[in-house]
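The next block holds one structure in the form of C-alpha cells; read it before the comments.
The values are calculated or read from the model by the stated rules, or taken from the named source; none is laboratory data. These numbers come from a predicted model, not from an experiment. With ideal geometry, Cβ positions are generated from the backbone for all residues, glycine too; neighbour counts draw on all protein chains shown.
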Amino acid sequence: MKNYDTLLNDLAPQKFGRKGVIWTTLLVVVSIAGIIAYIDQVIQGQVVTNMSDYALWGVYISNFVFFVATSFVSTITVAVLRLTKNAWRTPIVRIAEIISVAAIIMAGLTIMIDMGRPDRLLYLFIYGRMQSPIIWDVIIIPTFMAIALLLLYFPLLPDFALLKKHFKNTKPKLSKWYGLLSLNWTGSDAQKSIHIKSIHLISLLIIPAGFMLQTVDAWLFSTLFRVGWDSTNMGAYFISGAAVAGIGALITVLYVIRRSYNLENYITDFHFDKLGKFLALTCLIYLYFNINEYLIPEFTSKKEEITHLNVLVTGEYAPLFWFVIVGGLVIPIIVLFFKKGRSPLAIFWVSILVVLGSWWKRYLIVTPTLLHPFLPIQGVPEAWRHYFPSLHEWLITAATLAMCLLIITILVRYLPVIPIQRTADEQEQLKTGKNLES
Amino acid sequence: MKKTINYRFVFLIIISGFFLSINVQNLYAQETKKNTIRLKADYIKTMNKEIAFNLRASSKVDGSNIDVANIELTVFNEYNDDSVKLGSTITDSEGKSTFVVNDLNLIKPDSTGLYNILVSFKGNDAYKRASKSVTYKDATIEAKIITKDSVNYITATLKDTATDSVLSDQILNVQVQRLFRPLRIGPEFNSTDESGTIIVPIEEGIPGVDGMLTFEVVLKDNDDYGTVKAQVTAALGTPVVDESTFDERTMWSPRNKTPLFLLIVPNLITLGIWGIIIYLILNLVKIKKS
C-alpha cells in the first residue's frame, strides 16, 4: 500500500506564504514596468534603445539566446537521464520541465521585442526564405515549445488525478480543474500503456529537437561572415553552453523550492551532489569549447581576430570576459570538484554565479562582434563604436526575466513540483524490489 | 444700431493693396543682381552614327563656381548669314547636357567649309543671357580589322572631309569599349603616317560578351576637328562565360528559387516532428476516452 496521504500532504501545491506573495508582487511590478517601457518602444520606435547601425543586435538578442539555452535543461535532465535510466532524476525532472517551458515561451516573446515592427512577425511566415537560419528559428521555437509542453503535461496526468481526489472536499473548484486536466485518468492498464509509450517517445523526440534548437541558434551567428561568429565550433559550443546555463538555472530554482516548501526529504543532498557533478562536467566541456573558440584565433592571429580578441581579453569588455570565464566557469569547476562544494548551499551560490556568467556570456557573444564590422562605415559617430543598453532596454529585459520567473512561480504554485505518483511507485518498488516500467 | 459697410471703401483698399504688392515685387526683381553664365561646348562625331555636343553651364556665384542646373540651351547651326535652330536641351543637376544630332547631314558648313554652331541661353531671373560658338572642320576616320600572319590588327585612316586629303602626324587613340571606361590598346601614341594611317596589333584574350569586341579609333579634342570616333565591332575577344546564377536555385536566391534539398529536408523533418506531436496529442485523447 502506497503512502499517498503523506506524499500528498508534502507535495500537493500549497498557497504562498508571506515571502511568496512579496516575491510574486515584485515580479508583477517589474513585468508591468517592462510592459510600459515596451509600449513606449513600440510607439516611439527603437530610437529609445541604444542600438545603432553597428550594434543592430543588442541586449534583447543576447537575452533571447540565454532563454533558448536555458530551455535546453529539459533535454538533458529529463530526456537524457530518463533514457539512461538514472533513477535519481525523479525529484528534479518536473522543475526542469517547468523551467524549460517558461524559458522557451520567453525566448519566443523576446525575439518579438527585438523587432521594430512586431506586427510584421507574420511576414516571416508569408515571405520567409527557407535559406535563412532565421526561418529555421521561427520553425524550431514553436516546435520545441510544443514538445516541452507535452513533456511537462504527460507525466502530470496521474498527479492531476491524485490532486483531484486530494482537494475534493477542501477546494472543490481547484479539484474540478485538476479533474479536467487529468483527462479522466484512472490508472487503467490501457491508460498506463499509452502513457508510458508517449513519455518515452517525447523523451526521444526532445533530444534531437533540443539539439536542433541550440544548433539553429548557433547558426544564426555562424552563417554570418563575422569575426567571433564565423566558426564551425559554434553548434557544439552553443549546446555545451546551453547545458551549463540550463543546469545552473535548475539547481538555483531547485534550491529555492526545496527551502520554500521544506522538501529536504525529497530533494536531498545526494541530488545536489549528483547535479553538482553534472554541472562540473558540463562546465568542463564548455570550457574546452571556449579554449577552442579563443585560442585558435589567437594562434592564427588574423588581424581582425586579434582586434576582436584584444577587445575581449584586455580591452573594453575584459572585466566581463574574465568574469564569465573565471567566475562563470573556472571557479565553479574548482568548487564543484570538492564534496563540500556540492553541498546544497554551496552549489546554490555556485549556480547563481554560473547563471550570471551564462547571461553575460551571451552578451559577449552578440555585442563586441557587431562593433567591429569588416567594412566600417565612414565617419560614424564615436557612440556607434560602443554599446550599452538604454533604460528602456534594461527595463524590458528585466521584465522578460521577471516574466520567466513568474511563469515558473505560477506553475510551482499550481503543479506538484515533485512527481507524486512516480515517487509513490518508487517507494513501492523499494518495498517490493520490483523494477519500474518507466 | 445696425452697422453699415462702406463697400466702395473696402474695394479701393483691396485694389490698392493688389497694385502695391505688384510694385513691391518689381522693386525686388530690379534689385536682384544677375550672375554670368559660362558655357562650354565640345563637339564629338561618331562615324556613321551621330554628332553630339557635350554642353556644360557654370557660373561664379559669391566667389565660388557652381553648376547651373535646369536651364534651357538652344543650339543653332550658322551658315551663310543664316541661323537654323537645331533644337534645345536642358542641363541636369551637374549643369551638363548632351545634345545629339542623329542625321550627320543636318549640320551645314559655311562657304569656307567650316561648321559653325552657336549654343545660346536666353537668360532668366537669376542669370544673364549667354552664348558659346563652336567651329570645326569635318574629319573622317575609316577603321577596319585586318589579319597578317595570324595576328589581328586594327588600321585606320584619317581624312579631311572637305578636301578629301589625308591628315598625317595626328595622334589617334585605339581603345576597346568597356563598361566603365575604355581600355587602351597598342602603343601610347599612335601617330598617323604620311598616308594618314595607323596600324595597331590587337592583343588576344580580351573578354567580350560572345567574344564580340567594339574597337574605337579616336581623334581626341583636336583644335580643328574636335573629337572624331570610328567604331568597329568584331568577334576577336574571348567569350565571357555567363556565371549568373539568377535562374538557379541558390542559397541567395528568392523564396521561389529555394534549393530543393532545403525545401525537402527541413520540411520533412518539420512534418515528421509535428506528425509525432499530433500523434502524442491524439494519445491524450485516447487516454481521456479509455
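Numerical summary
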{"read-out": "Elements of type helices (runs of 4 or more DSSP H) contained in the range A:243-330, each with 2 or more residues being farther than 30 Å from A:Leu8 by Cα, touching a residue at least 12 places away in the same chain (Cβ under 8 Å) and not aliphatic (A, V, I, L, M)", "value": "A:269-300, A:303-313"}
{"read-out": "Residue under evaluation A:Lys165, criteria (1) away from chain B (no Cβ under 14 Å); (2) under 30 Å from A:Ala399 (Cα atoms), criterion not met", "value": "(2)"}
{"read-out": "Residue count for the range A:368-381, restricted to those that are on the phi > 0 side of the Ramachandran plot and surrounded by 19 or more Cβ atoms within 10 Å (Cβ to Cβ)", "value": "0"}
{"read-out": "Test: residue in the range A:174-197 that is within 14 Å of chain B (Cβ to nearest Cβ), aromatic (Phe, Trp, Tyr) and either in contact (Cβ under 8 Å) with a residue 60 or more places away in the chain or under 20 Å from A:Leu213 (Cβ atoms) (or both)", "value": "no"}
{"read-out": "Set B:Glu243, B:Glu203: member being under 30 Å from A:Ile135 (Cα atoms) and away from chain A (no Cβ under 14 Å)", "value": "B:Glu243"}
{"read-out": "Answer from B:Thr140, B:Thr163, B:Thr147 - the residue that is within 22 Å of B:Tyr115 (Cα to Cα), among the hydroxyl-bearing types (Ser, Thr, Tyr) and loosely packed, with under 13 Cβ neighbours inside 10 Å", "value": "B:Thr163"}
{"read-out": "Within the range A:326-367, considering residues that are among the aromatic types (Phe, Trp, Tyr) and under 28 Å from A:Leu56 (Cα atoms), the one surrounded by the most Cβ atoms within 10 Å (Cβ to Cβ)", "value": "A:Trp359"}
{"read-out": "Evaluation of A:Pro13 against (1) farther than 30 Å from A:Arg422 by Cα; (2) surrounded by 16 or more Cβ atoms within 10 Å (Cβ to Cβ) (one fails), failing number", "value": "(1)"}
{"read-out": "From B:Thr270, B:Thr250, residue being facing chain A (nearest Cβ under 9 Å), assigned to a helix (DSSP H, G or I) and touching a helix residue (DSSP H, G or I) at 6+ places or on another chain (Cβ under 9 Å)", "value": "B:Thr270"}
{"read-out": "Residue in the range A:229-237 that is closer than 14 Å to A:Arg362 by Cα and of a type in the set (A, V, I, L, M, F, W, C) present", "value": "yes"}
{"read-out": "Pair list, Cβ < 7 Å and 6+ apart or interchain, from the range B:158-176 residues that are closer than 9 Å to B:Thr192 by Cα and free of Cβ contacts under 8 Å to residues at least 24 places away in the same chain to residues that are of a type outside the set (Lys, Arg) and surrounded by fewer than 17 Cβ atoms within 10 Å (Cβ to Cβ)", "value": "B:Asp169/B:Ser191"}
{"read-out": "Test: residue in the range B:246-256 that is of a type in the set (D, E, K, R) and loosely packed, with under 12 Cβ neighbours inside 10 Å", "value": "yes"}
{"read-out": "Qualifying strands (runs of 3 or more DSSP E) (wholly inside the range B:23-123; at least 1 residues being under 21 Å from B:Gly226 (Cα atoms) and either assigned by TED's automatic domain parsing to the domain that holds B:Leu219 or out of contact with any helix residue (DSSP H, G or I) (no Cβ under 6 Å at 6 or more places or on another chain) (or both))", "value": "B:37-46, B:50-61, B:72-79, B:82-90, B:96-101, B:115-121"}
{"read-out": "Count of residues meeting criterion [in contact (Cβ under 8 Å) with a residue 60 or more places away in the chain and either closer than 24 Å to B:Arg255 by Cα or surrounded by fewer than 19 Cβ atoms within 10 Å (Cβ to Cβ) (or both)] in the range A:106-126", "value": "3"}
{"read-out": "First in the range B:193-220 and assigned by TED's automatic domain parsing to the domain that holds B:Asp160, second anywhere and charged (D, E, K, R), Cβ under 7 Å, 6 or more apart", "value": "B:Gly196/B:Lys159; B:Glu216/B:Lys229; B:Val218/B:Lys229"}
{"read-out": "Qualifying residue in the range A:104-114 (condition: within 30 Å of A:Ile267 (Cβ to Cβ) and of a type in the set (Gly, Ala, Ser))", "value": "yes"}
